[in-house]
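The values are calculated or read from the model by the stated rules, or taken from the named source; none is laboratory data. This one's a predicted model, so the numbers in the text were calculated from it and none came from an experiment. As a convention, Cβ positions derive from the backbone with ideal geometry for all residues, glycine included, and neighbour counts pool all protein chains shown. To get the accessible areas, we keep the full protein, side chains included, count just its heavy atoms, and leave off ligands, DNA and RNA. Shrake-Rupley method; radii C 1.70, N 1.55, O 1.52, S 1.80 Å.
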Amino acid sequence: MDNTIKLRSRGSPLLPGERYAPPSVFFHWAIALLIVIAYAAVIIKGYLPRGSAQRAMSLTIHEWTALGVLVLAVPRLLLRMIKGAPAALPGQAWWVRAGSSGAHLLLYLFMFAQPVLGYLTLNAQGHTLTVPGLDIALPQFIGKDEQTSRSIKDIHETIGNAFYWVIGFHALAALWHHYFRRDDTLRRML
Ligand code: HEM
Ligand code: HEM
């Protein structure tokens, strides 16, 4: 039986019900790319001189790409709730299914919570985000308060650091499925 799964998965095209639909694939990879850029920008910022224009630019890139995550996460979640996901692949142990469902749930929470916390940090610091070139200021949801800004920023940074591990685990799991288990898990998200 294991052989059948392996033969089936090495080359034969996937049926529509066995793979994620193209809009879900688009949202998955667009959001993954924005998250990588947001992380890279905030890491690079740490190496740039305080008060420099480049440092400010890195933070701006961080803020806008990460807000893009939130904007795309909304239609992505709606699509997920309306259309669902393809059925679990055959031959996956219960702990693999439980681990992947848990990781996916955490990643969905992250896509909403992390940008909101980042945005509220800015609000509490008294900074306003202005749409580049349009001079339109985004709304303030909370007022300026140093203590609040420090607390939210701490949570934002802690979650940001913790999710290197969750995202890393998720990406490595996909590669493990593809190269070691040789199943269709990665192919159905391509
Ligand atoms: C996917 C979403 C996001 C991720 C993964 C993320 C990740 C991070 C990380 C890892 C840090 C800590 C950097 C360090 O330790 O020095 C950070 C800091 C920060 N983030 Fe985000 N962030 C996201 C969304 C946002 C958004 C939407 C905003 C604002 C619009 C924002 C504003 C900030 C600010 C102001 C800081 C503090 C920078 C500083 O002054 O040192 N973040 N973020
Ligand atoms: C290189 C990085 C990544 C790889 C290789 C990857 C791969 C995959 C694969 C193969 C699936 C399908 C899993 C299955 O069918 O059981 C998947 C699903 C998923 N991925 Fe990723 N992913 C990556 C990055 C990310 C990032 C950065 C996020 C968001 C923070 C993310 C969030 C999700 C979510 C929420 C699902 C579940 C989709 C659903 O069922 O609605 N992924 N990923």
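Observations, loosely collected:
- Unique match (being of a type in the set (A, V, I, L, M, F, W, C), in a helix (DSSP H, G or I) and under 24 Å from residue 105 (Cα atoms)) among 169, 180: 169
- Considering residues of region 62-84 that are open to solvent by less than 40 Å² (accessible area, probe 1.4 Å) and over 13 Å from the mean Cα position of the chain (by Cα) only, the residue nearest to ligand 2 (Cβ to nearest atom): 84
- Residues that are among the β-branched types (Val, Ile, Thr), closer than 19 Å to residue 71 by Cα and open to solvent by 50 Å² or more (accessible area, probe 1.4 Å), drawn from region 129-162: 130, 136
- From the options 74, 69, residue that is more than 18 Å from residue 167 (Cα to Cα) and outside the structural domain of residue 175 (by TED's automatic domain parsing): 74
- Residue selection: residue 35 satisfies the criterion of being open to solvent by less than 60 Å² (accessible area, probe 1.4 Å) and either at pLDDT below 95 or under 24 Å from residue 127 (Cα atoms) (or both).
- Apart from one condition, residue 115 fits all of (1) within 30 Å of residue 19 (Cβ to Cβ); (2) open to solvent by 30 Å² or more (accessible area, probe 1.4 Å); (3) out of contact with any Gly (no Cβ under 8 Å at 6 or more places or on another chain); the exception is (2).
- Residues of region 17-63 that are within 8 Å of ligand 1 (Cβ to nearest atom), without any contact (Cβ under 8 Å) to a residue 40 or more places away in the chain and over 18 Å from residue 167 (Cβ atoms): 45, 46, 59.
- The listed residue being more than 30 Å from residue 23 (Cβ to Cβ) and within 16 Å of ligand 2 (Cβ to nearest atom), out of 161, 123: 161
- Condition met for residue 37 (away from ligand 2 (no atom under 15 Å from the Cβ) and part of a helix (DSSP H, G or I)): no
- Selection of region 169-182 for residues being more than 9 Å from ligand 2 (Cβ to nearest atom) and either within 17 Å of residue 95 (Cα to Cα) or open to solvent by less than 100 Å² (accessible area, probe 1.4 Å) (or both) yields 169, 176, 180, 181.
- Pairs with Cβ under 6 Å, 6+ apart, first in region 109-122 and in contact (Cβ under 8 Å) with a residue 40 or more places away in the chain, second aromatic (Phe, Trp, Tyr): 110/163
- The set of residues in region 90-112 that are open to solvent by less than 30 Å² (accessible area, probe 1.4 Å) and in a loop (DSSP other than H, G, I, E, B) contains only 92.
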